[in-house]
Amino acid sequence: VQIIQSLYEGRKTMNFRVSAALLICSILIIAGLIKMAATEEPYPVEADDGVVDLRNGMSDVQKFSLQGDWEFYWKQLLIPEQFTVYDLNPVFIPVPSSWNSKPFQQYTKQQYGYGTYRVLLHIPEKDIGTPKALFIRSIGSAYRIWIDGKESGSLGTIGRSAEEEQPQIHMNLL
């Protein structure tokens, strides 16, 4: 009985060591993949007048940035349905940047406020319905995001005043 118990304890210790080694290896592999993905430079795509078009020769691009000139609507919190119902006139603002930077102060005229940013993303027909991800770097604010007319993510609570808004800051993956 003593020998069987010793063999059992030895196997138990070896199983624990193997499990711990596999766990550590898995963590290191996942960390390496995350670091590779984070350091890979995105394909240089620019939004032009609020549109990013990936339909022509861009079907193999895996990672790209949505920077460029986005539509911006000062003092308007718009939802997708309003873009088809109302005749809206956007100002085009470079993203990333702030709506209260010098070139746009003529429109905003205030240091604090709210507004709607909008960019249309056209993808190749063969990619419609396939899984995609949207990585959002830390933004110290509150926002809601719609994809194909459906709310797909948010951060904090949007408000029309400092009292109403509850900003947050962290990265988001949708």
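The values are calculated or read from the model by the stated rules, or taken from the named source; none is laboratory data. Note that this is a predicted model, so its numbers are computed, not measured. For neighbour counting, all protein chains shown are included, and Cβ atoms are generated from backbone atoms with ideal geometry for every residue, glycine included. Remember, those area values only see protein heavy atoms, side chains included, never the ligands or the DNA or RNA. Shrake-Rupley method; radii C 1.70, N 1.55, O 1.52, S 1.80 Å.
Brief remarks follow.
- The condition of being exposed (fewer than 12 other Cβ atoms within 10 Å of the Cβ), modelled with pLDDT of 80 or more, more than 17 Å from the chain's Cα centre (by Cα) and among the β-branched types (Val, Ile, Thr) does not hold for Val91.
- Positions within the range 122-174 being within 13 Å of the chain's Cα centre (by Cα) and of a type in the set (S, T, N, Q), in sequence order: Ser138, Ser152, Ser154, Asn172
- Neighbours by Cβ (under 8 Å, 6+ apart or cross-chain): first from the range 159-171, farther than 15 Å from Arg144 by Cα; second assigned to a loop (DSSP other than H, G, I, E, B) and open to solvent by 90 Å² or more (accessible area, probe 1.4 Å): Ala162/Tyr112
- Checking Ser154 against (1) touching a His at 6+ places or on another chain (Cβ under 9 Å); (2) part of a strand (DSSP E or B), the condition it does not meet: (1)
- When restricted to residues that are at negative phi and touching a Ser or Thr at 6+ places or on another chain (Cβ under 8 Å), the range 144-167 contains 8.
- Residue count for the range 126-170, restricted to those that are open to solvent by 100 Å² or more (accessible area, probe 1.4 Å) and modelled with pLDDT under 90: 8
- Residues located in the range 102-125, provided they are part of a helix (DSSP H, G or I), modelled with pLDDT under 85 and open to solvent by 60 Å² or more (accessible area, probe 1.4 Å): Lys102, Pro103, Gln105, Gln106, Tyr107
- Evaluation of Gln82 against the conditions (1) of a type outside the set (Gly, Ala, Ser); (2) under 29 Å from Glu125 (Cα atoms); (3) at pLDDT 85 or above; (4) open to solvent by 60 Å² or more (accessible area, probe 1.4 Å) shows that the sole unmet condition is (4).
- Inside the range 26-68, residues that are modelled with pLDDT of 85 or more and either farther than 19 Å from Leu134 by Cβ or more than 20 Å from the chain's Cα centre (by Cα) (or both) make up a count of 2.
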